[in-house]
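Input: a single structure, listed below in structure tokens.
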Amino acid sequence: MSDDIELDDDDITLDAKPPHRDSIQWLFYDPRVRNYVFAGFAAIAMMFVILFSFGSLPGAAMIVLLGVAGLLLRWTGTPPLVLMILFWFLAFPYGLPPGYEDRYEIVNGRFRIADMMLVFSVLVYVACHYRVLGLSHQALPFDGPTKRKGEKPYRRPVDVIRAGELARLLMFAGGAVLVGQFVWLFVTIVEADPGSFVPLKFAEQGWSVTRRNEPNDRLSAGVSRFIVLTGLLFFTVLLARLIFGYWRLRQMGPVEARIILQDEGWNEARREQMRIEKWRSWAREQHESAAQQKLPRGRRGESS
């Protein structure tokens, strides 16, 4: 009498060997990796829809073909190429000059839904692409300038993907889009005035759309926006450096703090300490030389 053995689907799945990381099947094997792949595909689809609505069908098709192939085949240079194609077809919707011109583009483009969705899709796609590259291709560069014989690339384990990581990525991308829109709003509603005590003032109505025949003693709209954006970037980085630097000091442990204080003390007094060590070395040599001279002639050879 033979016993019938029934196998459940769960048992088959557990016993099955996972595919190799270089294969396309591996991208869809683990749910955590598969979520990033699908999120990247969704971002590419959203870029296609928005570019198609702008009338850039060739650019939209190129981005879809290049983005999907680069994500599946793990091409490292795909995100920069996608960004260059996107910028080109945003400036030239039909692929060739002349580009799109609108005197009121800056004013009408504030908080435009299509632009915000496009930027959000680009951020999500780039983040998902590089996350997949780190998991399946290479996460860190090689130790030397070139790859040594037999050296294997370092790939992050899938276990580093924590629960809710993709949701946090989407929230971060949405927050970055909103911050960028508010920054652009600030840059376009203020005017740089280098000659006054406060070098910023609210721009006059219609000044941000003016491009020609502006007074000689007044900065053009483009130059003013560049100065305001550069100053805002400089002071933002400076403030962030102060805040996060102080936060890092607050989170520092006793051992690490002691090491940093020792390094700072050495940097401050390194010349004096080097001079003292030279004197000590000279005194030690003089003492040894005097001791050699006091020994009898026969014992000098034994001591040496």
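The values are calculated or read from the model by the stated rules, or taken from the named source; none is laboratory data. Remember, predicted model here, so these are calculated numbers, not experimental data. Because the Cβ atoms are built from the backbone with ideal geometry, glycine has one as well, and the counts that use them run over all protein chains shown. Just the protein is used for accessible areas: all its heavy atoms, side chains included, with ligands, DNA and RNA removed. Shrake-Rupley method; radii C 1.70, N 1.55, O 1.52, S 1.80 Å.
Taking region 210-223, which residues are at pLDDT below 80 and over 20 Å from Phe182 (Cβ atoms)?
Of everything in region 210-223, those that are at pLDDT below 80 and over 20 Å from Phe182 (Cβ atoms) turn out to be Thr210, Arg211, Arg212, Asn213, Glu214, Pro215, Asn216, Asp217, Arg218, Leu219, Ser220, Gly222.
Just to verify a result, which residue in region 127-152, among those that are outside any helix (DSSP H, G or I) and among the aliphatic types (A, V, I, L, M), is least open to solvent (accessible area, probe 1.4 Å)?
Top of the filtered list is Ala139.
Of all residues in region 158-167, how many are in contact with a helix residue (DSSP H, G or I) (Cβ under 8 Å, 6 or more places away or on another chain) and in a loop (DSSP other than H, G, I, E, B)?
1
Listed residues Ala45, Ala61; which is open to solvent by 30 Å² or more (accessible area, probe 1.4 Å), modelled with pLDDT of 90 or more and in contact with a Phe, Trp or Tyr (Cβ under 9 Å, 6 or more places away or on another chain)?
Ala61
Could we say that Tyr36 is open to solvent by less than 70 Å² (accessible area, probe 1.4 Å), in contact with a Lys or Arg (Cβ under 6 Å, 6 or more places away or on another chain) and under 30 Å from Glu165 (Cβ atoms) here?
yes
Residues in region 132-147: is at least one under 25 Å from Phe41 (Cβ atoms) and among the charged types (D, E, K, R)?
Within region 132-147 (the criterion being under 25 Å from Phe41 (Cβ atoms) and among the charged types (D, E, K, R)), the answer is no, since none of the residues qualifies.
Listed here are the residues, each with its yes/no results for (1) surrounded by 15 or more Cβ atoms within 10 Å (Cβ to Cβ); (2) in contact (Cβ under 8 Å) with a residue 24 or more places away in the chain; (3) among the hydroxyl-bearing types (Ser, Thr, Tyr).
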{"position": "Gly77", "(1), (2), (3)": "no, no, no"}
{"position": "Ile85", "(1), (2), (3)": "yes, yes, no"}
{"position": "Trp88", "(1), (2), (3)": "yes, yes, no"}
{"position": "Phe92", "(1), (2), (3)": "yes, no, no"}
{"position": "Glu101", "(1), (2), (3)": "no, no, no"}
{"position": "Ala114", "(1), (2), (3)": "no, yes, no"}
{"position": "Tyr125", "(1), (2), (3)": "yes, yes, yes"}
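Residue by residue through region 92-106, note down the ones that are in contact with a helix residue (DSSP H, G or I) (Cβ under 6 Å, 6 or more places away or on another chain) and not charged (D, E, K, R).
Gly95, Gly99, Tyr104, Ile106
Using beta carbons and a limit of 9 Å, which pairs, at least six apart or on different chains, have the first residue in region 277-304 and farther than 25 Å from Trp266 by Cβ and open to solvent by 60 Å² or more (accessible area, probe 1.4 Å) and the second one polar (S, T, N, Q) and modelled with pLDDT under 65?
Between residues of region 277-304 that are farther than 25 Å from Trp266 by Cβ and open to solvent by 60 Å² or more (accessible area, probe 1.4 Å) and residues that are polar (S, T, N, Q) and modelled with pLDDT under 65, the close pairs are Gln292/Ser303; Gln292/Ser304.
Suppose the filter is open to solvent by 90 Å² or more (accessible area, probe 1.4 Å), closer than 28 Å to Arg112 by Cβ, part of a helix (DSSP H, G or I) and at pLDDT 90 or above; does Phe226 pass it?
It is false that Phe226 is open to solvent by 90 Å² or more (accessible area, probe 1.4 Å), closer than 28 Å to Arg112 by Cβ, part of a helix (DSSP H, G or I) and at pLDDT 90 or above.
All but one of (1) farther than 30 Å from His20 by Cβ; (2) surrounded by fewer than 14 Cβ atoms within 10 Å (Cβ to Cβ); (3) at pLDDT below 90 hold for Val179; which doesn't?
That leaves (3) as the condition not met.
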